[in-house]
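Asks: Shown below is the structure under consideration.
The values are calculated or read from the model by the stated rules, or taken from the named source; none is laboratory data. This one's a predicted model, so the numbers in the text were calculated from it and none came from an experiment. Positions of Cβ are generated from backbone atoms using ideal geometry, with glycine treated the same way; all protein chains shown enter the neighbour counts.
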There are 2 protein chains.
Amino acid sequence: MTSHPHSSAARARSVADHAAAVAQLLRPLRSADRTESLPLTQALGRGLAGDVAAPISLPPFANSQMDGYAVRSGDIPDAGAELRIVPPVPAGSSPQPLEPGTAAPIMTGAMIPAGADAVVPIERAVPDRFLEPGHAGTVKLPPAAAGTFVRSAGSDIAAGEHALVAGTCLGPAQLGLLAALGIPEVRVYKAVTVLLVTTGDEVVEPGSQLPPGKIYDSNGTLLEAAMKQAGLNVRRAGISTDSPEDLRALLRTQGQGADLILTTGGVSKGAYEVVRQAMADQPVEFLHVAMQPGGPQGVGTFDGVPFLGFPGNPVSCLVSFEMFLRPALSALLGAPAARLPLRARLAGPLTSPAHKHQVRRGTLRPGGTVQLEGGEGSHLMHALAGSNVLVHVPAGVTELAAGDEVEVWML
Amino acid sequence: MTSHPHSSAARARSVADHAAAVAQLLRPLRSADRTESLPLTQALGRGLAGDVAAPISLPPFANSQMDGYAVRSGDIPDAGAELRIVPPVPAGSSPQPLEPGTAAPIMTGAMIPAGADAVVPIERAVPDRFLEPGHAGTVKLPPAAAGTFVRSAGSDIAAGEHALVAGTCLGPAQLGLLAALGIPEVRVYKAVTVLLVTTGDEVVEPGSQLPPGKIYDSNGTLLEAAMKQAGLNVRRAGISTDSPEDLRALLRTQGQGADLILTTGGVSKGAYEVVRQAMADQPVEFLHVAMQPGGPQGVGTFDGVPFLGFPGNPVSCLVSFEMFLRPALSALLGAPAARLPLRARLAGPLTSPAHKHQVRRGTLRPGGTVQLEGGEGSHLMHALAGSNVLVHVPAGVTELAAGDEVEVWML
């Protein structure tokens, strides 16, 4: 390692530049042979691989917005009218045209008969209840302007219009729209498979005894859960020792077919950095991003498989995932969904290093204020577990006061 | 049906009262025999069944926040000192006590040796790189106050403190905390199984031909996806006809073992309301909630199984899920997570009926303004699919102007 810590810190890569590098690394995942067609509900949380045009209009036909009487608006003067009741129009039927001077009982969603152009709700009719089927009779109705309580064909979307654009993350509403359009399957990007390896002689599996000087591995659980929640397939390779040979063997055994190898730990400038050592003959760059926490990062390929090396602290891992991996996948594949940047007011002051983008953890209150949880430390898992947002303090900002606005991302 | 539409509308149940009724209906789901112990990552998205106390402190021992030298702060006067370098402390080791007048190379996360009380970062040392292991030497260090770059034992959480409270929804950070505490399994509420039935002679499955007057079923897909996303098990019973006998038979055949039966459609005051008819001899109440959309609702039990009847329009279904079912489960079982109420400024004006809680759909912009999508209509699936928030206009509010604040829930 020839770089000097001071000069290296001065040359730290910006968050935006590293985000671009991660997006570039993962760019090959956005290819036509990495798409598949799935039944709608299996596509939940996936990104749409191409634009979808509406094959039909919604609604497909003019229909009633209310239970009531379909009428010709011109039949009813200002004073109202008594009209003869014709057979009812249930939802799902294809009704006869409406004769002048008549009123057809019609249910919500049922097709407006040809000739009718308005619906009078049942509660404005006299009598205000429907006759038993088969009974003849008349009904007194107030006037209704043409179009009243009629949902016109195509008023939600017209056939041929774009229903959804490529890269849309498919949630319940988007899948519901495809169903409403009669589309049973949808072409989406395949789920990304990640091999996740925690490194460090100091970490042991939860549930085992904790020898002095050791800590339990939380990075594995934290990142597996975050990536599963984001719709990725996660393959856990357990904890590697601090031997570069062991780590290389593990990656070669378990990395088969993975789209991405992700390690935690072993990427900074200390004397025992297993990931750096294991990647010595691979095209992997280790660098410092001007971000706190999560500065030390690795990016490249291992035996040709895209590789990211996150730092060893759990908060740094989550911040790295949210700052680099999630946005890259979201932009390339439409999924997972990007975090929506929101504005909130700080409940208290904060300080931040001048040349770093600081990511704090906080609790966003309903009123729109955000309370920081824990300090700057990247080891504060309890504080993270009590937070619901990440709080961004851009590089260049060194102090903020209570009441100042910050950008927050809901977790 | 003896109730008069006008008087019934006047007696519409408030949103809060109906939410309480749904919570009461589902109360039996919160019982000790409906909990299970799961490995951490399988518990993702579940609600914690009991408080969890920290079995150990975090950090478990005082450790270094930096790569650098562990020192006795009293050894270094203001002018700095040259100290003899002793063997390094890698992370995971249990070091010897630090002799006075010496400095121990220490890696981030490694245990602070007994006697040491501060860490000087490597970049402030001269030389500013670690010696090769085994080489003897000295290092010049500036002074450091006691505690500098030392993470003290228990500074995140102390053994015995509450780590997580019952009812916490377990996301990546909460599971990561449990892992950090060495806890490999966690007791959570079992996932709720819902039998979902769409009703209506007018609805047909996506992918089939669309006869005149019919529409494609979107409620089934929309609600299945929403409930899956919320961590529920969903059993789809397809589309029931408008025959009450068919519906009852379907529920009896497929409802075995379900925790909840959920139907869509057939609950309003029209002439052909299959759900109302099928429930005629069951303790099910059909009522109108003072809410738009989603007013007509059914609540009760069918053969003893909790039952909810949502209205037939897709937007009404999603609104019903978000207003009643999600909050009830969230409050009872800790999962799915409750929606966080946020404040946003309207991009344009709106009107709302005086006596109803109106739920509009909108797009929340990063700047904190919300643009309404589509109109009030509950059939506007395309508009819903373009929205990212629900916008709340409480009962009693009839007009709001651009710039007025509203409560929004992110979808």
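Asks: Which condition breaks for A:Leu44 when tested against (1) within 19 Å of the chain's Cα centre (by Cα); (2) surrounded by 23 or more Cβ atoms within 10 Å (Cβ to Cβ)?
Replies: Of the numbered conditions (1) within 19 Å of the chain's Cα centre (by Cα); (2) surrounded by 23 or more Cβ atoms within 10 Å (Cβ to Cβ), the odd one out for A:Leu44 is (2).
Asks: Residues of the stretch B:329-339 being closer than 21 Å to B:Ser14 by Cα and surrounded by 15 or more Cβ atoms within 10 Å (Cβ to Cβ), which ones?
Replies: B:Leu329, B:Ser330, B:Ala331, B:Leu332, B:Arg339
Asks: Pairs under 9 Å by beta carbon, first residue over 29 Å from A:Arg11 (Cα atoms) and free of Cβ contacts under 8 Å to residues at least 40 places away in the same chain in the stretch A:348-373, partner among the charged types (D, E, K, R) and in a loop (DSSP other than H, G, I, E, B), six or more apart or different chains?
Replies: Correct list of pairs: A:Thr363/A:Glu373; A:Gln371/A:Arg365.
Asks: Working only within the stretch B:157-173, note down all residues that are within 11 Å of chain A (Cβ to nearest Cβ) and more than 23 Å from B:Pro39 (Cβ to Cβ).
Replies: Result: B:Ala158, B:Glu161.
Asks: Considering only the stretch A:56-77, how many residues are within 12 Å of another protein chain (Cβ to nearest Cβ) and out of contact with any strand residue (DSSP E or B) (no Cβ under 9 Å at 6 or more places or on another chain)?
Replies: Here the count works out to 0.
Asks: Which one of these is outside any strand (DSSP E or B), facing another protein chain (nearest Cβ under 7 Å) and surrounded by 23 or more Cβ atoms within 10 Å (Cβ to Cβ): B:Gly176, B:Gly207?
Replies: After applying the criteria, what remains is B:Gly176.
Asks: Which one of A:Ile56, A:Ile76 is of a type outside the set (Phe, Trp, Tyr) and more than 40 Å from the chain's Cα centre (by Cα)?
Replies: Going through A:Ile56, A:Ile76 in turn, the sole match is A:Ile76.
Asks: Another question about this same structure. Look through the stretch B:252-305, keep the residues that are surrounded by 19 or more Cβ atoms within 10 Å (Cβ to Cβ) and of a type in the set (Lys, Arg), and return whichever of them is nearest to A:Met107 (Cα to Cα).
Replies: B:Lys269
Asks: To continue, here is another question. If you scan the stretch A:129-152, which residues turn out to be touching a Pro at 6+ places or on another chain (Cβ under 6 Å) and either surrounded by fewer than 18 Cβ atoms within 10 Å (Cβ to Cβ) or assigned to a loop (DSSP other than H, G, I, E, B) (or both)?
Replies: The answer is A:Phe130, and nothing else.
Asks: Next question, about the same structure. Just checking: which of the strands (runs of 3 or more DSSP E) contained wholly in the stretch A:324-391 hold 3 or more residues that are touching a His at 6+ places or on another chain (Cβ under 9 Å)?
Replies: Correct list: A:357-364.
Asks: Here is a further query. For A:Gln24, indicate whether it is within 11 Å of chain B (Cβ to nearest Cβ) and either more than 27 Å from the chain's Cα centre (by Cα) or free of Cβ contacts under 8 Å to residues at least 12 places away in the same chain (or both).
Replies: No: the conditions fail for A:Gln24.
Asks: Then there is this: Look through B:Pro55, B:Pro97, B:Pro87 and report the one residue that is assigned to a loop (DSSP other than H, G, I, E, B) and touching a Gly at 6+ places or on another chain (Cβ under 6 Å).
Replies: Every option except B:Pro97 fails the conditions.
Asks: Out of all the residues in the stretch A:179-204, which are among the small types (Gly, Ala, Ser), within 7 Å of chain B (Cβ to nearest Cβ) and part of a loop (DSSP other than H, G, I, E, B)?
Replies: The answer is A:Gly182, A:Gly200.
Asks: Another question about this same structure. When you check A:Gly45 against the structure, is it assigned to a loop (DSSP other than H, G, I, E, B) and away from every other protein chain (no Cβ under 12 Å), yes or no?
Replies: For A:Gly45, the condition - assigned to a loop (DSSP other than H, G, I, E, B) and away from every other protein chain (no Cβ under 12 Å) - is not met.
Residues checked against (1) in the same structural domain as B:Pro293 (by TED's automatic domain parsing); (2) modelled with pLDDT under 95; (3) surrounded by fewer than 24 Cβ atoms within 10 Å (Cβ to Cβ):
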| position | (1), (2), (3) |
| --- | --- |
| B:Pro327 | yes, no, yes |
| B:Arg345 | no, no, yes |
| B:Pro349 | no, no, yes |
| B:Ser352 | no, no, yes |
| B:Gly368 | no, yes, yes |
| B:Gly375 | no, yes, yes |
| B:Leu400 | no, no, yes |
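Asks: Here is a follow-up. Name the one entry in B:Ala331, B:Ala354 that is within 21 Å of the chain's Cα centre (by Cα) and more than 12 Å from chain A (Cβ to nearest Cβ).
Replies: B:Ala331
Asks: Look through B:Thr198, B:Thr221, B:Thr241 and report the one residue that is within 22 Å of the chain's Cα centre (by Cα) and not assigned by TED's automatic domain parsing to the domain that holds B:Gly50.
Replies: Of the residues listed, the single one that is within 22 Å of the chain's Cα centre (by Cα) and not assigned by TED's automatic domain parsing to the domain that holds B:Gly50 is B:Thr221.
Asks: So, of the residues in the stretch A:26-40 that are among the small types (Gly, Ala, Ser) and either more than 19 Å from A:Pro327 (Cα to Cα) or in contact with a His (Cβ under 6 Å, 6 or more places away or on another chain) (or both), which turns out to be surrounded by the fewest Cβ atoms within 10 Å (Cβ to Cβ)?
Replies: A:Ala32
Asks: Name the residue that is surrounded by the fewest Cβ atoms within 10 Å (Cβ to Cβ), counting only residues in the stretch B:220-247 that are of a type in the set (D, E, K, R) and part of a helix (DSSP H, G or I).
Replies: By that ranking, first place goes to B:Glu245.
Asks: I'd like the residue in the stretch A:107-121 that is modelled with pLDDT of 95 or more and within 12 Å of chain B (Cβ to nearest Cβ) and, out of all such residues, is surrounded by the most Cβ atoms within 10 Å (Cβ to Cβ).
Replies: A:Met111
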